[in-house]
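Take a look at the structure set out below.
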Amino acid sequence: MLVGSQPVLQPVSVVLLHGFMGDRRDLEPLRRVLAPSFGCITLDLPGHGDTAHLADNAEESSEGLLDGLVAALEGLHRPSGVALVGYSLGARLALQVAVLRPDLVTAVVALGGNPGLVDGASREARVARDRDLASRLREMDPTAFASWLREEWYARALRRQPSQQGGRHPHPGCPQVPCRPVGRPC
C-alpha cells in the first residue's frame, strides 16, 4: 500500500509522483498550490518515504514500482482517470502507466523524465549499474549515505562546468540533505 499526503476528502484528479530517493514531501509545495483547484495528492512510491520496502527481487526492476502505483491508482476509483505529474523516476512511471493502463490516466506531465533507453545493450548496462548501486546503498549506514549523497549523487549532477573544487559545484542544500536512505529509517 502506498502512503499518501493526506486523506482524500474530494475526488482526486491530480497525483504527484516524486523522483528516485525522494518521497511525497518533495512535492508538497506543489500539492498545496494545486489543491484548491484540484483534488490533488502526493504518494510515496514503493520503497520510498513511508511506503513499505520492496522485496529485493522487485527492487531490481521498475515492475514493483509500476505495480504498486497501478494498484494505488486503481484504489482511487476514478472512472475518468487522473492526471499524473511526475518528476524524474515519477515521470518515467507516469509515462509507463499511461501506455499500459490508459484507462487510469487523463494526462501526463513529465518533468525531467524520459521513457528510457531504447538500445538493448545500453539498457542492460544501466540495469547492471543500478543493481550495483542499489546493493551499495542497502549496505550504507545513515552517515555514509548522507556523505555519498553529497559527494557523489549531487556532485555528479552539478559537474556541468569546472569550479575551483575539483570540477564539482557544491549543492546549496547539501548541508541540509536529510539522512533518509531508501526503505530505511535513520
For region 32-52, which positions are crowded, with 21+ Cβ neighbours inside 10 Å and not in a loop (DSSP other than H, G, I, E, B)? Cys40, Ile41, Thr42, Leu43, Asp44
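Tell me, which residue of region 43-82 that is of a type in the set (A, V, I, L, M, F, W, C) and in contact with a strand residue (DSSP E or B) (Cβ under 9 Å, 6 or more places away or on another chain) is modelled with the lowest pLDDT?
Quick first cut of region 43-82, residues of a type in the set (A, V, I, L, M, F, W, C) only: 43, 45, 52, 54-55, 58, 65-66, 69-73, 76, 82.
Those still in the list that are in contact with a strand residue (DSSP E or B) (Cβ under 9 Å, 6 or more places away or on another chain) too: 43, 45, 52, 69, 72-73, 76, 82.
Details: Leu43: 88, Leu45: 86, Ala52: 67, Leu69: 89, Ala72: 88, Leu73: 90, Leu76: 84, Val82: 92.
Of everything passing the filter in region 43-82, Ala52 is modelled with the lowest pLDDT.
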What's the number of the condition Ala91 fails, among (1) modelled with pLDDT of 90 or more; (2) among the small types (Gly, Ala, Ser); (3) more than 14 Å from Leu27 (Cβ to Cβ)? (3)
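Quick check on this structure: which one of Ala98, Ala94 is of a type outside the set (Phe, Trp, Tyr), in a helix (DSSP H, G or I), in contact with a strand residue (DSSP E or B) (Cβ under 6 Å, 6 or more places away or on another chain) and in contact (Cβ under 8 Å) with a residue 60 or more places away in the chain? It would help to see each step written out before you state the result.
Values: Ala98 fails: in contact (Cβ under 8 Å) with a residue 60 or more places away in the chain.
Testing whether each residue is of a type outside the set (Phe, Trp, Tyr), in a helix (DSSP H, G or I), in contact with a strand residue (DSSP E or B) (Cβ under 6 Å, 6 or more places away or on another chain) and in contact (Cβ under 8 Å) with a residue 60 or more places away in the chain leaves just Ala94.
Please tell me if Val105 is closer than 19 Å to Gly22 by Cβ, among the aliphatic types (A, V, I, L, M) and in contact (Cβ under 8 Å) with a residue 24 or more places away in the chain. So that I can check it myself, show each step before the final result.
Working: closer than 19 Å to Gly22 by Cβ: no; among the aliphatic types (A, V, I, L, M): yes; in contact (Cβ under 8 Å) with a residue 24 or more places away in the chain: yes.
So Val105 fails the test.
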Counting only residues that are buried (at least 18 other Cβ atoms within 10 Å of the Cβ), assigned to a helix (DSSP H, G or I) and touching a helix residue (DSSP H, G or I) at 6+ places or on another chain (Cβ under 8 Å), region 65-89 contains a total of 5
Does region 102-137 hold any residues that are out of contact with any Phe, Trp or Tyr (no Cβ under 9 Å at 6 or more places or on another chain) and in a loop (DSSP other than H, G, I, E, B), and which are they? Asn114, Pro115, Gly116, Leu117, Val118, Asp119
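If I ask for residues that are surrounded by fewer than 15 Cβ atoms within 10 Å (Cβ to Cβ) and either modelled with pLDDT of 80 or more or among the acidic types (Asp, Glu) (or both), which ones from region 148-166 would you list?
If the condition is that a residue be surrounded by fewer than 15 Cβ atoms within 10 Å (Cβ to Cβ) and either modelled with pLDDT of 80 or more or among the acidic types (Asp, Glu) (or both), then Glu151, Glu152 are the ones that fit.
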Within region 108-131, track down each residue that is touching a residue at least 60 places away in the same chain (Cβ under 8 Å), over 23 Å from Arg24 (Cβ atoms) and either crowded, with 18+ Cβ neighbours inside 10 Å or of a type outside the set (Val, Ile, Thr) (or both). Arg131
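The values are calculated or read from the model by the stated rules, or taken from the named source; none is laboratory data. For clarity, every value in this text was computed on a predicted model and none was experimentally measured. Methodologically, a virtual Cβ is constructed for each residue, glycine included, from the backbone with ideal geometry; neighbour enumeration extends over all protein chains shown.
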